[in-house]
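Some notes on the structure that comes next.
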Amino acid sequence: MDPASNQSYNATYRNHQVQLDGPAEWAEGTRLVVTPAQSPAEGGVSAGRVIVVGFGLVGRCVADLLDQSGLPYTIVERNSAAVATQRALGRRIVEGDISQVETMVQAGLSSATILALTIPDEDAVLRATSLARRLQPDIYIIARTNYSSKGMQASQLGADDVVKAEQAVALHFYDRLSRRIGAGPTD
């Protein structure tokens with residue numbers, strides 16, 4: 001293949017890897033240039049609903065960001081009192097367990113572009129990740145786990161990004177202590 005031919009190949013980016021949609025034969029040392037079809041900086045998320053699972057501190061933070069961004073979202077929550085309060089405030093909210101097909105359908109999975117699993121129940125996060133990936137293969141899934149080992153499982157089940165609590169805590173300890181003792185980066 002002539003490197004100057006500027007041939008174009010379709011591919012999908014998931015779990016920090018680019019996977020070509022079909023075969024390609026390149027000579028050893030061929031230089032690749034990867035250009036996203038649409039980068040977040042150029043247009044953000046295409047039209048579609050975001051599903052925010054859990055309305056504790058993390059879920060509320062995500063909802064605030066979505067409110068600021070003007071993106072529509074549906075909250076999924078198991079706590080009946082929180083559901084009643086948010087409905088009274090006019091928020092779209094579904095009461096249920098996100099690891100159940102019925103709840104995902106009711107939350108609007110078929111038209112959702114993002115699934116934000118903010119709940120601290122790692123087993124429910126893993127079940128929901130697997131289910132959502134099967135039902136809506138192209139949805140972007142960001143999952144919360146407490147431990148790195150569960151985070152790796154979430155990635156293996158199809159989460160695009162995972163926020164691991166123990167890693168976040170470790171980084172904050174490093175940051176705070178390095179400032180205190182005058183070592184390491186101080187950004």
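The values are calculated or read from the model by the stated rules, or taken from the named source; none is laboratory data. This one's a predicted model, so the numbers in the text were calculated from it and none came from an experiment. Reconstructed Cβ throughout: ideal geometry from the backbone, glycine too, with neighbour counts over all protein chains shown. For accessibility, only protein heavy atoms count, side chains too; no ligands or nucleic acids. Shrake-Rupley method; radii C 1.70, N 1.55, O 1.52, S 1.80 Å.
Annotations for the structure displayed:
- Distance between the pseudo-spin-label points of residue 161 and residue 71 (7 Å out from Cα toward the beta carbon): 0.9 nm.
- Spin-label pair residue 179-residue 61: with each label point 7 Å from Cα along the Cα-Cβ axis, the two points sit 1.6 nm from one another.
- Apportionment of accessible area to carbon and sulfur, the range 97-177, percent (1.4 Å): 59
- Listed peptides 69-79, 20-30, 85-95, 123-133 appear in the order 123-133, 69-79, 85-95, 20-30 once ranked by packing, highest mean of other Cβ atoms within 10 Å at the front.
- Formal net charge of residues neighbouring residue 170 (Cβ-Cβ distance under 13 Å; K, R +1; D, E -1): 0
- Each Lys or Arg adds one and each Asp or Glu subtracts one; over the other residues with Cβ under 9 Å from the Cβ of residue 83, this totals 0.
- Probing with 1.4 Å while keeping every protein chain in the model, the per residue accessible area of the range 146-187 equals 74 Å².
- Given charges at Cβ of Lys, Arg, Asp, Glu: the range 133-181 dipole, positive-most of 139, 171, 181: 181
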